[in-house]
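Each value in this text was obtained by applying a stated rule to the coordinates, not by laboratory testing. Everything quoted here is computed from the prediction, not taken from an experiment. Don't worry about glycine lacking a Cβ; one is built from the backbone with ideal geometry, like all the others, and counts go over all protein chains shown.
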Amino acid sequence: MKHFLIKYRFKHGSRTEWHQEIANFISALESDPDLNGKISYRSMKVKESDDYYHLASAEDERAVKTLGERDFFSSYKKDRSRR
């Protein structure tokens, strides 16, 4: 099992839209037949802060590689201004 801890700071834009984007990402993971059950993703907000922690766990290196090949993940490989 591989674990990744990602720290984000919300800078601008709609918090509602950002939360929906995270929910869409998790939904895409869960609906992908090759990734469902192989990658888990949780988002946590730091109390009284604009910081968030995202904890991702992958079953193995193959799951990580498969995720990297998915279209829905391609935008997360780039620098995102809201993070």
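Taking other C-beta atoms within 10 angstrom as a stand-in for reagent exposure, Tyr53, Tyr8 fall in the order Tyr53, Tyr8, fewest first.
Sequence-ordered 3J(HN,Hα) estimates for the range 34-46 from the Karplus curve with 6.51, -1.76 and 1.60 and θ = phi - 60° stand at 8, 10, 4, x, 9, 9, 10, 9, 10, 10, 10, 9, 6 Hz, glycine and proline given as x. The label-point distance for Tyr76 and Glu61, in a model that sets each label 7 Å from Cα toward Cβ, rounds to 2.1 nm.
Within the chain, the longest run free of GluC sites (Glu not before Pro) that sit in a DSSP loop with at most 15 other Cβ atoms within 10 Å is 1-47.
Straight-line cross-link partners of Lys7 among the aspartates and glutamates, defined as a Cα under 20 Å from its Cα and at least 8 positions apart when in the same chain: Glu17, Glu21, Glu48, Asp50, Asp51, Asp79.
When the helices of the chain are scored as -39500 (n - 2.57) per DSSP H run of n ≥ 4 and the total is divided over every residue, the value at 222 nm lands at -10500 deg cm²/dmol.
The modelled label-to-label distance between Asp34 and Glu21, using points 7 Å beyond Cα along the C-beta direction, is 2.5 nm.
Helix 15-31 and the long axis of the chain differ in direction by around 10°, with both axes built from C-alpha atoms. In the elastic network of the chain, a GNM with C-alpha springs shorter than 10 Å, the most mobile of Gly68, Gly13, Gly37 is Gly13. The alpha carbons of the chain give a radius of gyration and a Dmax of 13.0, 37 Å, in that order.
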